[in-house]
Amino acid sequence: MANTTFNGPVRSVNGFQDISISATTGAVTVDATFGATTSVTNLTTTNLVFTDQNHPTTAAINATATATAAQVATGYITSTSAAATTITLPTGTLLGAAIGAAKGTVLDLYIDNTGGANTVTIAVATNGILSSAAADTPGSFGDLTVASGVTGLARFTIMFSSATAYVFTRTA
């Protein structure tokens, strides 16, 4: 079949599959399936970042601690602590390895302190630095505290300058 270009939505009841066919054996290999649950089995593109804004997996940190790379990789951390809590991010090396980071990888990290009774403060670790926007305007981009209660939500962006170093900014 030739290439086909559509103008408008393409719909399917049973999803879509991207396949490749071996030139020598004719064997069909499914490279990716797109549907209610999307999976990619053979991805060779570099610097491609997938963002899941639904956060089916979250992490809870309810006392002062260093977050693990796996906790940060979920993209959503909750805190319900009654005491002031500081969450230190993992090193750039650990976080980069956990998410397969390369220069240009971006990860949004949401901190949900709506169930907490005190502030949560975020701290960066080795190979993590505050962005120039955060350093220049500490009251907004550099605000590393998350209030408790109904306004206790914050979004931070982690941008990798290499596989082992990141720049950290508050973006909401």
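Every read-out reported here was derived from the displayed coordinates using simple, explicitly stated rules and does not represent laboratory data. A quick note: this is a predicted structure, and the numbers were derived from the prediction, not measured. So basically every Cβ, Gly included, is an ideal-geometry build from the backbone, and we count neighbours across all protein chains shown.
Okay, here's what the table says:
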item: Cα extents of the chain along the three principal axes, largest first (Å); result: 62, 33, 29
item: PHE16-THR64 pseudo-label distance in nm [points 7 Å out on the Cα-to-Cβ vector]; result: 5.1
item: Spin-label pair ASP136/ASP108, simplified geometry with 7 Å Cα→Cβ offset, distance in nm; result: 2.3
item: Computed lengthening from THR151 to THR88, 0.36 nm per intervening residue step minus Cα-Cα distance; result: 20.6 nm
item: Within the chain: Cβ-based charge dipole about Cα centre, in debye rounded to nearest 20 (Lys, Arg +1; Asp, Glu -1); result: 20
